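Chemist: Take a look at the following structure, please.
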Amino acid sequence: MPEVPKEQRCGTRVPCDLRVLVMVHPSTFGPGVLLNVSISGALLQTPLDLNPLTHIELEVEGPGLRRSSIMASITRRELNQYGVKFRGINNAVIDGMLRLARSQAEVPQVAEPAERVPQHHH
């Protein structure tokens, strides 16, 4: 029998570096970075002390994405990192975040050019 993964998630996680403002209403807010994002959630890094099941709002701004926010909830906690599940169906914001994440992933990495053996044609 095939193994069942511990976490069920929809969509592929796309690595990214998206700056966000994390808000816990009514009065807590602080900086955050989305380290990866998928259609259903993200991995959030923030210095805020958040507990699982906490409802948060993420405000995202970036190239090609006007300031937008999406409601989410904390699903798991690691050291300064939190699994986040998006709430509701604000697909335009999620699509924008995924587009940004993919464009970041496509930025060419500086790599050494492959050595070529010179060919002489006479």
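Chemist: Taking the Cβ of SER68 as the centre, find all other residues whose Cβ is under 11 Å away and add up their charges (Lys, Arg: +1; Asp, Glu: -1).
Modeler: -2
Chemist: For the range 16-82 and the range 84-102, compute the distance between their C-alpha centroids and round to whole Å.
Modeler: 12 Å
Chemist: Place a point 7 Å from the Cα of GLU57 along the Cα-to-Cβ direction; which residues of the range 63-86 have their backbone N under 14 Å from it?
Modeler: Within reach of a label on GLU57, which here means backbone N under 14 Å from a point 7 Å along Cα→Cβ, the range 63-86 contributes 67-73.
Chemist: Same structure, new question: Does the range 14-106 classify as rounded, prolate or oblate by the C-alpha gyration tensor (a ≥ b ≥ c root eigenvalues; a/c under 1.5 gives rounded; else a/b over b/c gives prolate, otherwise oblate)?
Modeler: The shape class here is prolate.
Where a number appears in this text, it was derived from the coordinates with a stated rule and is not lab data. Just so we're clear, the structure is a prediction, and the values are computed from it rather than from any experiment. Note that we place each Cβ from the backbone using ideal geometry, even for glycine, and neighbour counts take in every protein chain shown.
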